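Below: one structure, written as structure tokens.
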Amino acid sequence: MTCVRAIASKARSKSAARSKTTSVHLLKVTLSYVEPPVWRRVAVPSHFTLERLHWVLQWVMGWENSHMHAFRIGKRMYGNDPESLDESKVTVGDVLPKKGSKAVYIYDFGDDWMHEVVVEQVGAPDPKVNYPTCIEGQRACPPEDCGGPPGYERLLETLADPEHDEHVEMKDWLGKKFNAEMFGLARVNRELKKVR
């Protein structure tokens, strides 16, 4: 009996979450200063706080949440540190109200990964879709702690040249095969279930 109640309770909370979603923001997120571009298109409930949007961006981009972050919207900074406005108190709909609204999501204040976040559309949710969801994207996220855009560029050059003095060292540092062209949409959407 307890198991049945737990399942029913879970189903009710899922449908409650869906019914709370009265509008959805379609966002294009592009990693700045990286060529060719690394980008994602993601749909999130407008009622998500910036704190929840942070988690969405971590999953869709492929970061590991091991560094500080902030959102810059106009002249205001939102984050989870004492010097920023509280990101858990404002929603995506509050601060990015319409098509064309923009934010900069900054991740890792040492490497300074800047992401341009642009609202492409605000509209009604599709009742068949569980939000948030990643719709498409291109290219892999750079590895953590590789030195920001300039360091990432050097890393790619080093990996592409087996004769480079640091080729073996960089491959060992990565600890896994890294394919800068790879983007796994299905994997990203599996991870996004953790944010719902």
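The values are calculated or read from the model by the stated rules, or taken from the named source; none is laboratory data. The structure displayed is predicted, hence computed values, not measured ones. Positions of Cβ are generated from backbone atoms using ideal geometry, with glycine treated the same way; all protein chains shown enter the neighbour counts. The protein model used for the area step is the full one, side chains on, heavy atoms only, and it has no ligands, DNA or RNA in it. Shrake-Rupley method; radii C 1.70, N 1.55, O 1.52, S 1.80 Å.
Give the residues of region 86-100 that are touching a residue at least 24 places away in the same chain (Cβ under 8 Å) and farther than 26 Å from P142 by Cα, sorted by residue number. S88, K89, V90, T91, G93, V95, L96, P97, K98, listed by residue number.
Annotation for region 123-132: no member residue is part of a strand (DSSP E or B), at pLDDT 95 or above, under 14 Å from the mean Cα position of the chain (by Cα) and not polar (S, T, N, Q).
Each residue in region 72-85 was checked for being in contact (Cβ under 8 Å) with a residue 24 or more places away in the chain, within 13 Å of F109 (Cβ to Cβ) and in contact with a Ser or Thr (Cβ under 9 Å, 6 or more places away or on another chain), and 1 pass. Residues that are assigned to a loop (DSSP other than H, G, I, E, B) and open to solvent by 80 Å² or more (accessible area, probe 1.4 Å) within region 167-196 comprise K176, K177, E181, M182, K193, K194, R196, listed in sequence order. Taking the stated definitions as given, is G74 small (G, A, S) and either on the phi < 0 side of the Ramachandran plot or open to solvent by less than 50 Å² (accessible area, probe 1.4 Å) (or both)? No, not satisfied.
The lone criterion from (1) under 17 Å from V60 (Cα atoms); (2) surrounded by 19 or more Cβ atoms within 10 Å (Cβ to Cβ); (3) of a type in the set (D, E) left unmet by E116 is number (2). From the list G110, G151, the one residue that fits, being in contact (Cβ under 8 Å) with a residue 40 or more places away in the chain, more than 20 Å from the chain's Cα centre (by Cα) and outside any strand (DSSP E or B), is G151. Out of all the residues in region 36-52, which are part of a helix (DSSP H, G or I) and without any contact (Cβ under 8 Å) to a residue 60 or more places away in the chain? Once the filter is applied, which keeps residues that are part of a helix (DSSP H, G or I) and without any contact (Cβ under 8 Å) to a residue 60 or more places away in the chain, region 36-52 yields L50, E51.
Residue-by-condition table, conditions (1) at pLDDT 90 or above; (2) more than 28 Å from G148 (Cα to Cα); (3) open to solvent by less than 10 Å² (accessible area, probe 1.4 Å):
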residue: M1; (1), (2), (3): no, yes, no
residue: A6; (1), (2), (3): no, yes, no
residue: R12; (1), (2), (3): no, yes, no
residue: S32; (1), (2), (3): yes, no, no
residue: R40; (1), (2), (3): yes, no, yes
residue: H47; (1), (2), (3): yes, yes, no
residue: E51; (1), (2), (3): yes, no, no
residue: W63; (1), (2), (3): yes, no, no
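Among the residues of region 132-153, those that are open to solvent by 40 Å² or more (accessible area, probe 1.4 Å), under 16 Å from L27 (Cα atoms) and not hydrophobic (A, V, I, L, M, F, W, C) comprise E136, Q138.
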